[in-house]
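First up is the structure itself, then whatever we jot down about it.
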Amino acid sequence: MNSETRRNTLLLAVLCAAQFVLIIDVVIVNVAIPAIQADLGIPARSLQLTGVAYTVTFGSLLILAGRLGDLFGRRRPLVTGLTVFTVASLACALAADGWQLFAARAAQGVGAALVSPNALALLVGSYHDDRERHRALGVWAAVASAGAVAGQLLGGVITEAVGWRGIFLVNLPIGAAAIVLMLRVVPATAAASGGARRRLDVTGAALLTVVLGGVSLLLADVVELPAAGLAAVAVVLAAAVVALVRTERRHPDPVVPGFLLRARPVLVANASLLLSAGALGATLYVASVVMQTSMGYGPLHTGLGFAPITVIVLLVSPQAGALIERFGAPRLLVAGAALGVAGTVVLAAGAGVADDYWTGVLPGLALLAIGSGLSYAPTFALATAVPAEQHGRASGLVNTAQEIGSAAGLATLGALAAAAASGGALVEPVVGYGGAAATLAVAGLLALTLRDGQDGGAGGSRKTTGMTRSVLDS
């Protein structure tokens, strides 16, 4: 093993560890919500802010954070973000009131936004061989998708063993170790874009943050805000969108350049992830609810119910890199989406009569896990098939699609379930799994729109170069 390979292996391990913690914190609070409410006395209508405060700041800052990494190098935002995230995790654990927890969760989101797109961009840019890059993306995808599921498991185990504050304290040693290793393995390189250092689109970045934050708030609070509040947010959002479009058209180096939005591989990857993340988030949430209500499971038992799914994802995702080389990223993305659809259909069929985990929940979740494990690596490969100086922006864009999609899935599920609750029916399983199946089906159809001529069949390494060239020509 030469020195470059050793460095990349260590770098991959550090970046994956950081990403694992960030993804886990999106869902780890789900199982701990009852304990948090009982301890801090948070009103039921405000409980969702425990998750929303994190996802809104995280999702709204990803593209800006990625662009900062493009211009000023990766190490600074990575180390700064990990530091903010780790300190904010301690603040979460020490919270004595609801507002303190919400503020600390928002700070966690800021730190996570600085880390996530720059970690993916650094990973993609560190591998010069396409085959090795695809394998690394497979490992990255395993960590990312397993983290979304493992959060449920760890949340239940830790809450049951040491209390809800432990789900935040566990971030401290991991964050501290990651910071030290980042300083050692990530070079203090100059800006990737060279002379573009002074061309940061500050106005566009600010407007984009407002737009993404407004979208996240509308999605997260769709059943909480009064009509006047929704109207006010919608007006501000519409004005910000108009201003953003005008600003981006005039700026010589916009924060979201048009070629990224027009490039077919990037568009398909982002649209597919937007929808599949919404389906996955809603499905995991509903599965947790079903196990704790219909089946009478406690937090620990519920968390353990997700353990097999985590194992499946960790086994399947690392194989995706080799499968990309053989079949091409779009075909693998379609296969993963199809398996996800099959999983949600099985869950929809069994959830309504679910009184047994092994027959009512596990089969569907297992299929969903296999589909997720296969689809994430090709999604990231397509989304980052851009020139090196654009890796941060592309990584921020695909991470934003994931976060907005997850928020949209939960918001849609919550709105429909709340509407049906007035009739006294427990319809969360039908709503959640049915909606998940529909969105994953759409994701699969979108993936099919990427013609095989751009990336399909064997020889995926050569196709990636062609995709990058097509992005430049767009």
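The values are calculated or read from the model by the stated rules, or taken from the named source; none is laboratory data. For clarity, every value in this text was computed on a predicted model and none was experimentally measured. As a convention, Cβ positions derive from the backbone with ideal geometry for all residues, glycine included, and neighbour counts pool all protein chains shown. Calculation scope for accessible area: heavy atoms of the full protein, side chains included, ligands and nucleic acids excluded. Shrake-Rupley method; radii C 1.70, N 1.55, O 1.52, S 1.80 Å.
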Where the Cα pairs of segment 291-409 fall when distances are cut into 5 Å bins, in %: 2, 11, 15, 18, 20, 14, 9, 6, 3, 1, 0
Relative contact order for segment 1-134, counting Cα pairs under 8 Å that sit 6 or more residues apart, in percent: 32
Whole-percent carbon and sulfur contribution to the accessible surface of segment 22-143 (1.4 Å, no ligands, DNA or RNA) stands at 64
Once the convex hull of the alpha carbons of segment 1-76 is built, what does its volume come to per residue, in cubic angstrom? 119
Determine ³J(HN,Hα), in whole Hz, for all residues of segment 9-22 in sequence, where each value follows from phi through the Karplus function 6.51 cos²θ - 1.76 cosθ + 1.60 and θ = phi - 60°; x replaces Gly and Pro. 5, 5, 4, 4, 4, 5, 5, 5, 4, 5, 5, 4, 5, 5
Just to verify a number: FRET efficiency for residue 99 and residue 176, C-beta to C-beta distance, R0 = 30 Å, to 0.05? 0.65
Stretchable slack from residue 7 to residue 245, in nm (0.36 nm times residue separation minus alpha-carbon distance): 81.5 nm
Net lengthening on full extension, residue 358/residue 319 (0.36 nm per residue, minus Cα-Cα): 11.4 nm
Using alpha-carbon positions, the gyration tensor of segment 362-407 gives root eigenvalues a ≥ b ≥ c; with a/c under 1.5 called rounded, otherwise prolate if a/b exceeds b/c, else oblate, the class is oblate
Taking θ as phi - 60°, what are the ³J(HN,Hα) couplings along segment 281-292 by the Karplus curve (6.51, -1.76, 1.60), each to the nearest whole Hz, with x for Gly and Pro? x, 5, 5, 5, 5, 5, 4, 5, 5, 4, 5, 8
Let me understand segment 38-174 better: what is its radius of gyration from the alpha carbons, and its Dmax, in angstrom? 16.6, 54
Given 0.36 nm per residue, what is the gain on full extension from residue 231 to residue 202 after removing their alpha carbon distance, in nm? 7.7 nm
Hey, could you get me the Stokes-Einstein D for segment 204-310, Kirkwood radius over alpha-carbon pairs, 20 °C and 1.002 mPa s, rounded to whole µm² s⁻¹? 124
